[in-house]
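**Q** I'd like to ask you about the structure that follows.
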Amino acid sequence: METQKKPKRTGSRKALTVVNDYLIITIGLLCYTAGWCIFILPHGIVGGGVSGIGAIVSYVTGKPEAVSYTFFLVNAVLLVIGIKTLGKAFGVKTVYAVFVASLLFRVWPEIIPESFIDSIALENSKLLCALIGGAMSGLGIGMAFSRGGSTAGTDVIALIVSKYRNIPPGRIILLCDIFIVGSSIFLHPELSIGERVANIVYGYIVVAACSYVVDLSVAGNKQSVQLFIFSKQYKEIADMISGEMHRGVTVLDAQGWYTKQDEKVLLVMVRKVETNYLLSVIKRIDKQAFISVGNVMGVYGRGFDAIKEKKKIAKI
């Protein structure tokens, strides 16, 4: 009987994981599209990605629904590339994301009252709206990334490159979006050059805020720290780290120059989210322990990140 229950539990856990993934992606899409529809589009700002292309088409045609249609059509092409490169699981989630985001771009303007947009966005400065809108869109993209999905567009390019290179997704998106935002210089010929350049600057602010928040939300939990632990009870602390936390510990020989006594120093690498727990346990073992904590650029190896190698292209 027990052997028959295990597959059911495993299946139910997988189902809950899938539901949770799609729920997080949906919440991220709500945040992403709301940032655009409330703060960015009403001010006539062109941001990055396919949404930025949709914004340009919308401003040129004078039709707000053009954002939704352009977003869907352009992403339909990019989805084919994403599915082939990143796998079918990614493709399914991204197809879902594109459909939902396209629908939300169409529905939000009809649901959100114009008076609300006027009071929260249009009556405030463009700079504030660019920062808030960029941050909201970045948070939404990051939530989708964390669950293996994407809002497609330049996000697909970012995931493809980050799959083979140790480059933050936000930086890739930033580079890809420079051209899209810069092309808005040709919009609104009735405006002066200064005003058009100002709009480009606001667009770059949106892109910068978006990419910064994406990096924080995607890579925040992957950041690592390096600890040097000085304690006479180093054996107990080392046993705790290796036994309870399942992290490697390196014992270094050292000499205190003031006391001229030989000591042992523990070198430990852990995730940033594990730091508070580790510090509390160390202090529980030895309240007099001296600890140095420093952020590191990257940790590669077992239990941390893997070094991504460049795929060789066969010469014909």
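The values are calculated or read from the model by the stated rules, or taken from the named source; none is laboratory data. From a predicted model like this one, the values you see are computed outputs, not experimental measurements. Cβ placement follows ideal geometry from the backbone for every residue including glycine, while neighbour counts extend to all protein chains displayed. Each accessible area value is taken on the protein alone, full model and side chains, heavy atoms only, with ligands, DNA and RNA left out. Shrake-Rupley method; radii C 1.70, N 1.55, O 1.52, S 1.80 Å.
**Q** With 27 Å as the limit, write out which pairs from Lys93/Lys272; Lys264/Lys287; Lys63/Lys84 have Cα-Cα distances beyond it, or answer none.
**A** In this structure, Lys93/Lys272; Lys63/Lys84 exceed 27 Å between Cα atoms.
**Q** Now for a separate question. With a cut-off of at most 15 other beta carbons within 10 Å, and DSSP calling the residue loop, which GluC sites (Glu not before Pro) in region 194-269 qualify? Please list them.
**A** Loop-located and lightly packed - Glu244.
**Q** Same structure, new question: Against the longest principal axis of the chain, how steep is helix 88-111, in degrees 0 to 90 to the nearest 10, with axes from Cα atoms?
**A** Taking the Cα atoms of the chain, the angle to 88-111 is about 50 degrees.
**Q** Could you list which residues have their amide H under 5 Å from that of Glu263, counting only those 5 or more apart in sequence or on another chain, with H placed in the peptide plane?
**A** Hits under the 5 Å cutoff: Ala254, Gln255, Gly256.
**Q** Can you give me the long-range amide H partners of Ser224? Hydrogens built in the peptide plane at 1.01 Å from N, cutoff under 5 Å, separation of 5 or more residues or another chain.
**A** The answer is Lys272, Val296.
**Q** Rounded to a whole number, what is D in µm²/s for the chain from Stokes-Einstein with the Kirkwood radius over alpha-carbon pairs (20 °C, 1.002 mPa s)?
**A** 95
**Q** Enumerate the calculated ³J(HN,Hα) couplings along region 71-77 in order (Karplus 6.51 cos²θ - 1.76 cosθ + 1.60, θ = phi - 60°), each rounded to whole Hz, writing x wherever the residue is Gly or Pro.
**A** Each residue's phi maps through the Karplus curve to give 4, 6, 5, 5, 5, 4, 6 Hz.
**Q** Something else about it: With θ set to phi - 60°, apply the Karplus curve 6.51 cos²θ - 1.76 cosθ + 1.60 along region 38-43 and write out the HN-Hα couplings as whole Hz, x wherever there is a Gly or Pro.
**A** 8, 10, 8, 5, x, 8
**Q** May I pose another question? Tell me, what % of the accessible area of the chain is carbon and sulfur with a 1.4 angstrom probe?
**A** Ligands and nucleic acids excluded, carbon and sulfur give 63 percent.
**Q** Then there's this: Calculate how steeply helix 275-285 sits against the longest principal axis of the alpha-carbon atoms of the chain, using the helix alpha-carbon long axis, and give the answer as 0 to 90 degrees to the nearest 10.
**A** So the inclination is approximately 20 degrees.
**Q** Once the Cβ-Cβ distance between Thr259 and Asn166 is put in as r, and R0 is 30 Å, what FRET efficiency do you end up with, to the nearest 0.05?
**A** My answer for the efficiency is 0.10.
**Q** Taking the Cα centre of the chain as origin and charging only Cβ (+1 Lys, Arg; -1 Asp, Glu), how large is the dipole, in debye to the nearest 20?
**A** 1600
**Q** I need the per residue convex hull volume for region 43-189, using only the alpha carbons, in cubic angstrom as a whole number.
**A** It is 113 Å³ per residue.
**Q** Can you work out the FRET efficiency for the pair Arg284 and Leu103, with r the C-beta to C-beta distance and R0 = 45 Å, to the nearest 0.05?
**A** Computed FRET efficiency for Arg284 and Leu103 comes out at 0.30.
**Q** For region 93-125, which GluC sites (Glu not before Pro) are both in a DSSP coil and crowded by at most 15 other Cβ atoms within 10 Å?
**A** The qualifying sites are Glu123.
**Q** Taking the Cα atoms of region 107-194, report the difference between the largest and smallest coordinate on each principal axis, in whole Å and largest first.
**A** That works out to 44, 34, 22 Å along the principal axes.
**Q** Rolling a 1.4 angstrom probe over the protein heavy atoms, how many square angstrom per residue are accessible across the chain?
**A** Per-residue value: 58 Å².
**Q** Long-range amide H contacts for His188: which residues qualify at under 5 Å (H placed 1.01 Å from N, peptide plane, sequence gap of 5 or more or a different chain)?
**A** Long-range HN contacts for His188: none found.
**Q** Something else: Of the listed peptides 95-107, 201-213, 177-189, what is their order by residue-averaged count of other C-beta atoms within 10 Å, with the highest listed first?
**A** By packing density, highest mean first, the sequence is 201-213, 95-107, 177-189.
**Q** Hey, another quick one. Counting just the Cα atoms, what span does region 152-217 cover along each of its three principal axes? Round to the nearest Å and put the largest first.
**A** Principal extents (Cα only, largest first): 44, 19, 16 Å.
**Q** Can you work out the FRET efficiency for the pair Phe186 and Asn124, with r the C-beta to C-beta distance and R0 = 30 Å, to the nearest 0.05?
**A** For Phe186 and Asn124, the calculated efficiency is 0.65.
**Q** Now for a separate question. If I ignore ligands, DNA and RNA and count only protein heavy atoms, how much of Thr250 is accessible to a 1.4 Å probe, in Å² to the nearest 10?
**A** Counting only protein heavy atoms, the figure is 70 Å².
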